Each structure stands twice: as C-alpha cells, then as structure tokens.
2 protein chains.
Amino acid sequence: MKAEPYKNYDTVLIAVDSIIFGFDGVKLKALLIKRNFEPETNKWSLMGGFVRADESVDDAATRVLTQLTGLSDIYMEQLACFGDINRDSAGRVIAIAYFALIKIDDHSDEVLQQFNARWFDLNKIPKMIFDHKKMLQVAREHLQVKAASQPIGFELLPKKFTLSQLQNLYEAIYETSFDKRNFTRKIKSLGVLQKLNEKEKETSRKGSFYYLFDKQQYKKLEKDIKKFI
Amino acid sequence: MKAEPYKNYDTVLIAVDSIIFGFDGVKLKALLIKRNFEPETNKWSLMGGFVRADESVDDAATRVLTQLTGLSDIYMEQLACFGDINRDSAGRVIAIAYFALIKIDDHSDEVLQQFNARWFDLNKIPKMIFDHKKMLQVAREHLQVKAASQPIGFELLPKKFTLSQLQNLYEAIYETSFDKRNFTRKIKSLGVLQKLNEKEKETSRKGSFYYLFDKQQYKKLEKDIKKFI
DNA sequence: GTTTTAATGGTAATAAGTACACTAATTGGA
DNA sequence: TCCAATTAGTGTACTTATTACCATTAAAAC
C-alpha cells in the first residue's frame, strides 16, 4: 500500500545481500551459497533476501543472516547500495550490501550444508550472479580500510587467539607480511590485549600464549588510538 | 510490475536525499529547502526525490540534484542507506543518502529562491524533517574522514583559491586551527598545487597568490599520497 | 639432546609531525 | 612622501612514529 502523498511514484524490491568474511587461521574466506531457488538456480551468490514491509533494512539483513547461518551475534555493518537498473536478471531490485565478519568454527557445518553454503578462499572465488562479485570487491576494500583504524580483526578470530594467529590474519587482510617484532611491539603497545596463562599447543612444541582482546580497555583508549595497524 | 520469481515480496518507495555542503570562504554550509509540497510542508529538509523504475539510484540522485540546483557537474557520492520502518511520516520509504560538494557562487541565487533553498551555517541548522538531521550528521563525519585522505576539499573552493582560503576550509571542516607554516608546507609538499601569477587583493593589502589544484598531477601521484591532510 | 616455533630487545635510519616568530609587500591615510 | 596597518610568506630545531634489519634464548615434544 502506497502512502497518499507518494502515490504516483514507483516502488521497487529491496534486497539485502551480505558479504561474509571468515578466517581459518591461514586464509581469509568468503561465505557463498549455491542457490537452490529461482532465479539463477545452481549458481553461486551472496547470502541475501528481501526487505519486508514491516522491518527495517538493517533488521532484514540481520534476519537473513541469522536464518542462513544459525548465528546470532554477528558483526555487521552497512556497506553500500547497488542500484543499477538491470543488475538483477529477474526484475528491478535495489540491493543494500552488508559487510559481515564471523568466527569460523566447526559446529556450523550442518547449517552450511543445509543452505548449500561454502567458504571460498578469496582468490578462488567462483563466478557469481549479478553484481555480487563487485560487492565482494567493495567489501574487501572496506575490510582493509576499516581494519586499519578499528579493531574489527578480532571479530574474525576465536575469543582466545595467539599473536601468530593475529599476525596471520592481518597479513591475510593486507596480502603482505609484517616483521614479527614490529608487529608484536605495535599491537602490544596499544594496551588492549590480555595475556592468558594458557597455551595453544597444536602448531608448535613450545606452544604460544593465548590472548584476549580487552574490549572495555579499548573503549577507554579509543580516542587515543587513531590507527590500529 | 513485479518480476516473476519475486512476486511474493514487498516493494517500497526509494528516496534519494542529498546532503549538500558548500563553503563561503569562512564557514561550512549545508543547503536545505523549505518544502512547499506534501508531506511536511513548510518544514526544512534535504533535497530529495524518488527513484523511478527506469533509472538507477545514482542517476536518480544526479537528476534530482540537477533539477534543484541547476548545476550539472557536482561532486557526489553515495553515503548510506536509511531504512528504518517509520522514518517517513507519510509511508514506508527507504532513503539512499548522497553526499555532495558544490562551489557556492552568486549566480545560482535565482535557483535557490525558486526552490526555496537556503544555505545554513552548520551550527545553525534548523529543525529538519524525518531523520534528515541524522543524515547531515553522518555526512559531516564522512566529510572529515574523506577529506583527510583525498583532495575533495577543492570541490568546495573556486577554481582559483588562495592558500588562506584553503586553510580556512580545512579549519572549518575539522573545527580546529592549523599552524600556517606547517599547513602550507604540507600541502605544497604534495605537489598538486599550481601557483598562478595573479593575486587576490580583497582581503589584504599585500595580496595573496592564487593557486589551482592540478588534478592530473594528483592522478599521477595518487598512489603515493596516503594522507592528504 | 635435537628439533621446532615462540618470545623477546635493540638499534639505526628515515619519515612525519609539532612548536615557534619574524620579514615582506602593499595600501590608505596622515 | 612617509608612516601605520594588515595579511602574506617563510625556516629551523625538536619530538615522535615507522621501518628495516639482525640474533638469541625459552619451552616443550619426541
């Protein structure tokens, strides 16, 4: 039903599509689904859905993501609007893209299978429908920009992580390598890591200490931290 | 007309609303209109309109801005989507906000009058409809972030400008003051200003040289310039 | 005790940022 | 014509980040 003063204007469908990044300890990944519905059945795409009349756009994005991943507290922010006229092969649809970061872990496997979803290495992305590859590209750039100034990297790591894992993550984000000492020095100097008395023993004999990201401490220091990395 | 596979989904109206900044040499301003149409007649709002079925969202924003300002080459970029369910008092409308920078100059006065538009000092913004003040706030923050890394400030200045004008602009954007020598040195060191042999004589007896922004030179150096200011 | 990876300190060189004060050019008016 | 007033224009020393490079010890598993 259209509002009175606006009755002569066109309405369109609004999609919310999420670019979901994850990190497996070595590589950055994006979560895609193989569509088992129309249109573009059997092709790869981002996770998405339509905004309903009775929900906000942000709520729609959250709803869709929760439905498709089974996860409820996902880091998520609006990325951009994609509004080209023929971007969707099946009709006029304007998409609002969302940028999401999740902690990959094992027990979500069933959900992934249920929805035909798969994690893809960022440089092995398959052909995708519509302008989804462009969305992914924009999201990747956003990740680099954002991760430089804010501590969003921790959203991709388990609660407890080692310094090596943290460094691997940033190296994956920026597709480069950092000097270990400089990296450690810098990240520690921010004063937002909390060292645990517990070691990760899988990847080395010596074992490396786990750390936590101290969010409260970060909040306190936030105004002094212009650059995260 | 809805596309077949999507026929069970809701459609909505899409507005494009532009936050337009200008600089009068001293202060940053935003361009608002006093609405002479429904809804919310006689209240202040951003310039906006609706996306038509036969145009892209970006095109709609450009069209609306051109109609309302009479200007055709305006710096413009997408800012954000505002999609709360009751944001518009007259119905469900999702807004895509655009960020625009224009060079204030005299000969657009007629257009301003025609559309009931007025430039407002940023700390004297009147009450605005819907969530338009929030949009303005987001745009202001975006201006600060963006101006730090890219030379968008020149979009707000006349083609020929003095170093003082340039400094005043950045001081207005960041609501602070800079040391004149440091500012000049930094901006000159970027190598994108072109000094003219012509002086502005209105504001001082000595007169100060005009400069141009050398866009081509900037393009060449772009990759080396991480931070503009 | 051999092997493996973690953890750590230092330093030198470079680049970026900050603080600070005087002279130059010009005009208008005495 | 000269003085006063006004804004433009400029250099240097100091501090703080950033980067690059190098090497050794520590802990634990086998």
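Under 13 Å from the Cβ of B:Thr66, count the other residues' Cβ atoms, weight Lys and Arg +1, Asp and Glu -1, and hand me the total. That works out to -3.
May I ask for the net charge around A:Gln194, where only other residues with Cβ less than 13 Å from the Cβ of A:Gln194 are counted and Lys, Arg are +1 while Asp, Glu are -1? Working shown, then result.
On the way: positive: A:Lys159, A:Lys160, A:Lys188, A:Lys195, A:Lys215; negative: A:Glu198, A:Asp214.
Surrounding charge for A:Gln194 is +3.
Label zone (A:Gln114, point 7 Å along Cα-to-C-beta; backbone nitrogen cut-off 19 Å) within region A:39-58: A:47-50.
Ordering B:Phe37, B:Ala61, B:Phe50 by the projection of their Cα atoms onto the charge dipole of region B:36-92, which places +1 on the Cβ of Lys and Arg and -1 on the Cβ of Asp and Glu, puts B:Phe37 at the extreme positive end. Summing charges over all other residues whose Cβ lies under 10 Å from the Cβ of A:Lys29, with Lys and Arg as +1 and Asp and Glu as -1, gives +1.
By definition, a body whose alpha carbon gyration tensor gives a ≥ b ≥ c is oblate when a/c is 1.5 or more and a/b is not larger than b/c, and region B:156-229 fits this oblate description. Taken residue by residue and averaged, Cβ atoms of other chains lying within 10 Å of the Cβ of B:54-63 number 3. Along the axis of the charge dipole computed for region B:76-156 (Cβ charges of +1 for Lys and Arg, -1 for Asp and Glu, origin at the Cα centre), the listed residues B:Gln137, B:Gln114, B:Gln78 are led at the positive end by B:Gln137.
When only C-alpha pairs under 8 Å and at least 6 residues apart count, what is the relative contact order of region A:1-131, in percent? Walk me through the intermediate numbers first.
On the way: 217 pairs, mean separation 45.0, N = 131.
Over region A:1-131, the number comes to 34 percent.
Of the GluC sites (Glu not before Pro) in region A:177-228, the ones in a loop by DSSP (not H, G, I, E or B) with at most 12 other beta carbons within 10 Å are A:Glu202. Between copies, the label points of A:Gln114, set 7 Å from Cα on the Cα→Cβ line, lie 5.8 nm apart, reported in increasing order to one decimal in nanometres.
Shape analysis of region B:117-165 places it in the oblate category; the axes a ≥ b ≥ c from the Cα gyration tensor give an a/c of at least 1.5, with a/b not above b/c.
Sorted by average packing, counted as other Cβ atoms within 10 angstrom per residue and highest first, what order do B:169-177, A:10-18 take?
Numbers: B:169-177: 15.6, A:10-18: 23.0.
Most protected by this proxy first, the peptides run A:10-18, B:169-177.
The rotation axis taking chain A to chain B passes closest to this chain A residue's Cβ, listed with the gap in Å: A:Thr11, 2. Remark: region B:141-229 carries a charge dipole of roughly 460 debye about the Cα centre, counting +1 on each Lys and Arg Cβ and -1 on each Asp and Glu Cβ. The charge dipole of chain A, taken about the Cα centre with unit charges on the Cβ atoms of Lys, Arg (+1) and Asp, Glu (-1), comes to about 1120 debye, rounded to the nearest 20. Taking a ≥ b ≥ c as the square roots of the Cα gyration tensor eigenvalues, the protein assembly as shown comes out oblate, since a/c reaches at least 1.5 and a/b does not exceed b/c.
Rounded to the nearest 0.05, what FRET efficiency do B:Lys186 and A:Arg181 give with R0 = 41 Å and r taken as the Cβ-Cβ distance? Could you check?
That pair, B:Lys186 with A:Arg181, gives E of 0.85.
Counting only Cβ charges, +1 for Lys and Arg and -1 for Asp and Glu, the dipole size of region A:39-131 around its Cα centre is about 400 debye.
Here the translational diffusion coefficient of region B:22-176 follows from Stokes-Einstein with Rh set to the Kirkwood radius across Cα pairs; for 10 °C and 1.306 mPa s it amounts to 97 µm²/s. The slack between A:Gln67 and A:Lys27, meaning 0.36 nm per residue of separation minus the straight C-alpha distance, is 11.9 nm.
Within the set B:Lys160/B:Lys201; A:Lys103/B:Lys134; A:Lys146/B:Lys29; A:Lys160/A:Lys186; B:Lys29/B:Lys134, which residue pairs have Cα atoms separated by over 25 Å? Table pairs above 25 Å Cα-Cα are A:Lys103/B:Lys134; A:Lys146/B:Lys29. Distances between equivalent label points of A:Lys195 across the copies, with each point positioned 7 Å along Cα→Cβ, amount to 5.4 nm, shortest listed first.
Length gained on full extension, B:Gln150 to B:Ile125, computed as 0.36 nm times the residue gap minus the Cα-Cα distance: 6.3 nm.
Taking only C-alpha pairs under 8 Å that are 6+ residues apart, what is the relative contact order of chain A in percent? Provide the component values of the computation, followed by the final result.
Details: 344 pairs, mean separation 47.9, N = 229.
Value for chain A: 21 percent.
Comment: the Cα-to-Cβ extended label point of A:Lys7, at 7 Å, lies 2.5 nm from its counterparts in the other copies, nearest first.
Looking only at chain A, where both bridge partners belong to it, what percent of the DSSP beta bridges are antiparallel (to the nearest 5)? Just about 75 percent of them are antiparallel. Cross-link partners of A:Lys195 among aspartates and glutamates, defined as those whose alpha carbon lies under 13 angstrom from its own and excluding same-chain residues fewer than eight positions apart: A:Asp214.
Coordinate-derived values only; no laboratory data. What you are looking at is a predicted structure, and each value in this text was computed from that prediction instead of being measured. All Cβ positions, glycine included, derive from the backbone under ideal geometry; neighbour counts span all protein chains shown.
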